[in-house]
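Student: Just passing along the structure, written as structure tokens.
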Amino acid sequence: MKCLPIIFTLCGLCFFINMSAATMPTLEDLDSVLNNEAFYSRLHERKIADTKLAIANAIDDEKRYKETEILYHQYSSYRMDSALHYAHKLISIARKMNSDLNTQRAKFLLASTYINFGMYNEAQEIVNATNRSTIDADEELRANYYYVNNTLYDAMQHFVADDTVADYYHSRALCYKDSILQLRPDAILIKADLLLQRHQQQEALNLLLETYDDKNVDDRYRAYLAYAISDIYRHIGNTKMEKQYLIVSAISDIKSAVKEYISLRRLATLLYKEGDIARAHRYTTKALDDALFSNARLRTIETSQTLPVITTAYQDMVNRKQKQIQYALIGISVLLLLVGVMFLYARRQNRRLRLAKADLSLANEGLSSLNRQLKDSNNNLSEVNRSLSESNNIKETYIVKFMTECSAYIDKLDRYRTRLNKK
């Protein structure tokens, strides 16, 4: 009895896990979303148009600044060149407002855009020129400063050939992560990243999964969580779950009309390793098209490095399929040829059969004629036999009468002789 609560708990846990797995999207769901990608892009374009209309109707610079900042974020993962344009416009509006806080906030947005473009020197110049007294006066601005520096050093460490410099950038990024957590203890992604850097993968995974289950399915933040979870599963070596959460992240990216992303490209690489070449090629091509559309240079470079390998494998697969189709066509042609030969042979045999049937029919008609003649002969013979029988009967009658008469005459002669002898 004491074991019953434990058993019920385990059963409930298994049921919950199965239900969670059942509600997770599949590759077929991702394919369906990709097929409707134009619809989500149109929705996003409509939002952008509405925001531009709001900017045009803004009654003051403060309202114009807020709407322009919204427009910047709508473009930040959609069209990088447009995001860059509106970041500069935000700086102009903030200076016109004579607001140091808004100016600095806009500069941080510009620095973030430079980082996405791979313009690290320009981003670093903006960060280094930051007025510390301005950011110290505003906690949100200070947090933005830490976020930009963390993103900058995280990005730069992957694009240097010197390991010493890469380690320096890595340590700087960790420092800024610690600073962010001091201001934003609820920064789950940063906290999980720090745990991952300290090789505490399971703690980081538990933290992200707990947060992930609390978020709404359509929440954009959940896509970042899903990608972070997939990254931890990649470090652990759980390919199945890595792929599952990459699917979640990729679906959210497409539905949010995000063109600057990583999930779909990484999922394509994973599928390529698993042998799903067709999907890998489709996803990589889509990732490259979106990177070119958004003018995201880093994503374009990253995808371009992966695409040739997958394209080569895809071309090999297409060539193999074409050869299989050629072999199949050759086989079908041979079969059709055999069928044609068999048809001609059957036709020839049918013609012979028709001729044989015609000959047989003529023979049958001859036999029928002979049968009729034989029947007539039999009838004539029967008639003759009947006539002969009648003639025989007459002959027998006359012979009997003749013999009777002869016998009677003989008897008369014998009596006459007897009488004569007596006399």
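The values are calculated or read from the model by the stated rules, or taken from the named source; none is laboratory data. These figures come from a predicted structure and were not determined experimentally. Cβ: placed from backbone, ideal geometry, glycine included. Neighbour counts: every protein chain shown. These accessible areas exclude ligands, DNA and RNA; they are computed on the full protein's heavy atoms, side chains included. Shrake-Rupley method; radii C 1.70, N 1.55, O 1.52, S 1.80 Å.
Student: Contour minus end-to-end for GLU62 and GLN182, with contour as 0.36 nm per residue of separation and end-to-end as the Cα-Cα distance?
Tutor: My answer for the length gained is 40.2 nm.
Student: Sort CYS406, CYS175 from largest to smallest accessible area, using a 1.4 Å probe on the heavy atoms of the protein chains.
Tutor: Output order, biggest surface exposure first: CYS175, CYS406.
Student: Continuing with this model, one more query. Obtain the nm distance between the two label points defined at ALA313 and LEU209 by a simple spin-label model: each point lies 7 Å from its Cα along the Cα-to-C-beta direction.
Tutor: With each label placed 7 Å out from Cα toward Cβ, I get 2.8 nm.
Student: Could I ask something else about it? Assigning unit charges at the beta carbon (Lys, Arg +1; Asp, Glu -1) and nothing else, what dipole magnitude in debye, to the nearest 20, does the range 126-279 show about its Cα centre?
Tutor: 440 debye
Student: Taking a probe of 1.4 Å, how large is the accessible area per residue of the chain, in Å²?
Tutor: That works out to 63 Å² for each residue.
Student: Here's another thing I want to ask about it. Tell me, what ³J(HN,Hα) does each residue in the range 224-233 have, in order and in whole Hz, if you take phi through Karplus 6.51 cos²θ - 1.76 cosθ + 1.60 with θ = phi - 60° and put x for Gly and Pro?
Tutor: Whole-Hz 3J(HN,Hα) from phi for the range 224-233: 5, 5, 4, 5, 4, 5, 4, 5, 5, 4.
Student: Stokes-Einstein at 20 °C, 1.002 mPa s, Kirkwood radius from Cα pairs: D for the chain in µm² s⁻¹?
Tutor: 71 µm²/s
Student: Let me ask another. Using a Gaussian network model of the chain with C-alpha springs under 10 Å, which one of LYS401, LYS323, LYS89 is most mobile by mean-square fluctuation?
Tutor: LYS401
Student: Got a sec? Charge dipole of the chain, +1 on Cβ for Lys and Arg, -1 for Asp and Glu; which of ALA38, TYR416, TYR145 is way out at the positive end?
Tutor: About the Cα centre, the residue reaching furthest to the positive side is TYR416.
Student: Can you tell me the Rg and the Dmax, both Å, for the Cα atoms in the range 299-423?
Tutor: Taking only Cα atoms of the range 299-423, I get Rg and Dmax of 51.3, 173 Å.
Student: Can you give me the angle between helix 100-117 and the longest principal axis of the chain, using Cα atoms only, in degrees from 0 to 90, rounded to the nearest 10?
Tutor: 40 degrees
Student: Kindly sort ARG279, ARG198, ARG222 by accessible area of their heavy atoms, largest first, with the probe set to 1.4 Å.
Tutor: ARG198, ARG279, ARG222
Student: What distance in nm separates the simple spin-label points at HIS85 and ASN131, each placed 7 Å from Cα in the Cβ direction?
Tutor: Each label point is offset 7 Å from its Cα along the Cβ direction, giving 3.0 nm.
Student: Give the carbon-plus-sulfur fraction of the accessible surface of the chain in %, rounded to a whole number; probe 1.4 Å, heavy atoms of protein chains only.
Tutor: Heavy-atom surface of the chain belonging to carbon and sulfur, 1.4 Å probe: 56 percent.
Student: Now for a different question. Using only Cα atoms, find the angle between the long axis of helix 80-97 and the longest principal axis of the chain, and express it within 0 to 90 degrees, rounded to the nearest 10.
Tutor: With rounding to tens, the tilt is 30 degrees.
Student: Throw me the Rg/Rh for the range 218-308, computed over C-alpha atoms with Kirkwood Rh, two decimals.
Tutor: Radius of gyration over Kirkwood radius for the range 218-308 works out to 0.95.
Student: Related question: Could you check the simple spin-label distance between ASP376 and THR285, using points 7 Å along Cα→Cβ, in nm with one decimal?
Tutor: 8.8 nm
Student: Tell me, in nm to one decimal, what length is gained between LYS321 and LEU53 on full extension, where the rule is 0.36 nm per residue of separation less the Cα-Cα distance?
Tutor: Residue separation times 0.36 nm, minus the Cα-Cα distance, leaves 91.3 nm.
Student: Let me ask something additional. Please report, in whole Å³, the volume per residue of the convex hull around the C-alpha atoms of the range 149-196.
Tutor: Per-residue hull volume (Cα only) is 63 Å³.
Student: For the chain, modelled as a Gaussian network with Cα springs under 10 Å, which listed residue fluctuates most, LEU353, LEU207, LEU370?
Tutor: Sorting by GNM fluctuation, first place goes to LEU370.
Student: Between the range 43-88 and the range 342-368, how many Å separate their Cα centres?
Tutor: 90 Å
Student: Can you tell which of ILE135, LEU271, THR303 lies farthest toward the positive end of the dipole of the chain, using +1 and -1 charges on the Cβ of basic and acidic side chains (Lys, Arg; Asp, Glu)?
Tutor: LEU271
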